[in-house]
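Report on the structure given below.
Read the figures in this text as sums done on the coordinates, not as results from a lab. Everything numeric here is computed off the predicted structure, so don't read it as measured data. Because the Cβ atoms are built from the backbone with ideal geometry, glycine has one as well, and the counts that use them run over all protein chains shown.
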Amino acid sequence: MRRSVILSLVVFSFALTAFLMPGCKGPSKRMSFQAAQQFQPQTADIYEITMTTTKDFKFEQPALEKLRQEETTTSVRMTVEQRINKVDETGAAEAVITIRDIACRVIQQNNVQIDFDSRRPEDQANPLAKLVGQSYLVRLTPDGKAEALDTSTVNTADIPGQEGRLASRLFAKEEIAKRHEILALPDLGTPLKVGAAWEHIVPSPPGLLSSKNFRKVYTVTDLQQTDSGKTVTVEMNASESAASPDAGQGSMGIFAKMLDNENQYTGKMTMNLDSGKVLEYGETLISTYTAQEMNPKAKPEQEPDTLVIRFIQSIERKLVQ
């Protein structure tokens, strides 16, 4: 009996010691760390990047049994190779971006204008297929900024019509910067831990129905130990800022003030802290404007006429390999 008690105490003591041993759990939620991109010369990664902008509206008139809906969307998905040429003393990299495949879908007032996917064999004759294999040069910084350095190697001159206009926009310097920047990273040297937060005041994107500023709050929500290293999760939620908009009234001008407005602006990033690589990153703004009015012909039990206008803009980026 005494022997069994002793053995039980030994087993319990061993289990308790193992439980308390450092390194047997994941990283402490109170651990301080920094989040910054790291680049190594002569290395390459593959990313899939999707950027979408949609404007749509829905006008319902129950009393007249009428419904009108309209959508205008531009969506571009690129798979690109990011090859690091060199890294300077600040940690910023010069990278060659080469398009591996591309898909474009353009809808104008419900009419599909462009529907192209370089992965589809039947689309190889489309002029946009010429973009596959083309490259341009960018500068990437540890804190997520991106700048187009050289686009002279990109040739879109022989892509005619609407496809040509779309191709030209894709390689405008500001569009390239949007495609490669990571807005969820803090300023360099910022100490972080789970629960830490920082904010940025940003203007509304072009095309929003009314001009405004947004207060974007980024919060570290998780830190995990994985087989490939420590992975941090940062989530973003934004709200309309009290700060005055920089300029302009938006695409609807003063009419936007006649509509009720609701905004959902969210984002998320996961990053491997050991490799300094962003695994996934995305931000989405859904801005909804609503107006309601009773139709003179409506019966008491019928719903009012309702107009809903939406502006949606999103970017999604993920490390493929």
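Tabulated data
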quantity: With eigenvalues of the C-alpha gyration tensor scaled by 5 and rooted, the range 47-142, Å; calculated: 38, 19, 7
quantity: Cα-based Rg of the range 75-230 normalised by 2.2 N^0.38 Å, two decimals; calculated: 1.26
quantity: Reachable aspartates and glutamates, given that their alpha-carbon falls under 14 Å from the alpha-carbon of K318 and they are not under 8 places away in the same chain; calculated: D45, E48, E81, E181, E280, E283
quantity: Full-stretch length increase - V112, R30 - with 0.36 nm per residue and alpha-carbon distance subtracted; calculated: 24.4 nm
quantity: Degrees between helix 2-20 axis and first principal axis of the chain (Cα, 0 to 90, nearest 10); calculated: 40
quantity: For the range 164-227: relative contact order, % (alpha-carbon pairs under 8 angstrom, 6 or more apart); calculated: 28
quantity: Helix-only [θ]222 nm of the chain, DSSP H runs n ≥ 4, -39500 (n - 2.57) each, per residue, nearest 500; calculated: -3500 deg cm²/dmol
quantity: Inter-centroid distance (Cα atoms) of the range 292-316 relative to the range 59-105, Å; calculated: 29
quantity: Value of D in µm² per second that Stokes-Einstein yields for the chain, Kirkwood Rh from Cα pairs, at 10 °C (1.306 mPa s); calculated: 69
quantity: Burial ranking of peptide ranges 208-221, 79-92 (average Cβ count within 10 Å, highest at the top); calculated: 208-221, 79-92
quantity: Under the Karplus curve 6.51 cos²θ - 1.76 cosθ + 1.60, θ = phi - 60°, whole-Hz ³J(HN,Hα) for the range 182-188, x wherever Gly or Pro sits; calculated: 10, 7, 8, 8, x, 4, 4
quantity: Too-long pairs where the Cα-Cα distance tops 26 Å, listed order kept, from K145/K193; K86/K277; K55/K299; K58/K130; K130/K173; K55/K277; calculated: K55/K299; K58/K130; K55/K277
quantity: Average Cα contact separation per residue, the chain, under 8 Å, 6 or more apart, as relative contact order %; calculated: 20
